[in-house]
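Have a look at the structure below, then the notes.
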Amino acid sequence: MKDIEQIIKEVNGTMVIEGMHLREDDKERIRICLSNKVSFEKMKKRIIEKHTVKV
């Protein structure tokens, strides 16, 4: 498997082409998922919960 930092560079490069840049917290979330500390599904759930307006 590729080095985690190399994967982050490639993802960031692709995002830049689309006019979006990864923030440091985005990069950290990628590191956490790729190192299997948290599953992608759990991380996705955390992000959705963080940005969901509670009524």
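Taking only region 6-55 into account, find how many residues are outside any helix (DSSP H, G or I), of a type in the set (V, I, T) and within 13 Å of the chain's Cα centre (by Cα).
1
Return yes or no: is M43 surrounded by 10 or more Cβ atoms within 10 Å (Cβ to Cβ) and touching a Lys or Arg at 6+ places or on another chain (Cβ under 8 Å)?
Yes, satisfied.
Pairs please, first residue from region 1-22 and under 15 Å from C33 (Cβ atoms), second anywhere and surrounded by 10 or more Cβ atoms within 10 Å (Cβ to Cβ) and among the polar types (S, T, N, Q), Cβ atoms under 9 Å, 6+ apart in sequence or on different chains.
If the second residue must be surrounded by 10 or more Cβ atoms within 10 Å (Cβ to Cβ) and among the polar types (S, T, N, Q), the pairs left are L22/N12.
Computed from the coordinates by the stated procedures, all read-outs in this text should not be read as laboratory data. Please read these numbers as outputs of a predicted model, since none were measured by experiment. Ideal geometry is used to build each Cβ from the backbone, glycine not excepted, and the neighbour counts take in all protein chains shown.
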